[in-house]
Amino acid sequence: MNIVLPKCATCGYQFKRHQLLAFVYSKKCPSCQAENFVTKKSRLKSGGFNVAMLILFLIVSRIPVGSALYVFVCLGVVLLAIVYTHPRLLRFTKTDQDIFSNK
Ligand SMILES: [Zn+2]
């Protein structure tokens, strides 16, 4: 299976999945210490995906099944989908990209 996780924009270091979950804006490469910025495009993509999953959860969890377990299972599925997909949507670049600029 071809897992497309982002690489360091400077040295090409392949980031591991767990390294990509706990950062917000930029990520330091553990290999060359260069700062990697999430590209504008992938930021919009992954942000949109996370929001879509949360909206889906809000809709699905409102179905009156009458079981608290159902809500927990829905939440678990949504979180797993985010953890699994979110890192794949990220792409790094060497320079910071202003999300509001139109470059
Ligand atoms: Zn690097």
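All of the numbers you see were taken from the coordinates with simple rules; none came from a lab. Note that this is a predicted model, so its numbers are computed, not measured. Cβ coordinates were reconstructed from backbone atoms using ideal geometry, including for glycine residues, and neighbour counts include every protein chain displayed.
Find the relative contact order for the chain and round it to a whole percent, using C-alpha pairs within less than 8 Å whose residues are 6+ positions apart.
41 percent
Which Cys residues of the chain have no other Cys Cβ less than 4.7 Å away and so no disulfide-compatible partner by this rule?
CYS74
Counting just the Cα atoms, what span does region 17-93 cover along each of its three principal axes? Round to the nearest Å and put the largest first.
Extents along the principal axes: 52, 22, 15 Å.
Sort HIS18, HIS86 so the one with the fewest other Cβ atoms within 10 Å of its own Cβ comes first.
The most exposed by this proxy come first: HIS18, HIS86.
What do you get for the angle between helix 68-89 and the principal long axis of the chain? Use alpha-carbon atoms, 0 to 90 degrees, nearest ten.
The helix 68-89 is inclined about 20 degrees to the chain.
Which angle between 0 and 90 degrees, to the nearest 10, do you get for helix 40-60 versus the longest principal axis of the chain when only C-alpha atoms count?
10 degrees
In debye, nearest 20: dipole of region 17-93 around its Cα centre with unit charges on the Cβ of K, R (+) and D, E (-)?
Computed about the Cα centre, the dipole is about 320 debye.
Please return the longest range in the chain lying between exposed loop sites, taking chymotrypsin sites (Phe, Trp or Tyr not before Pro), DSSP loop only, at most 13 other beta-carbon atoms within 10 Å, and leaving the sites out.
26-99
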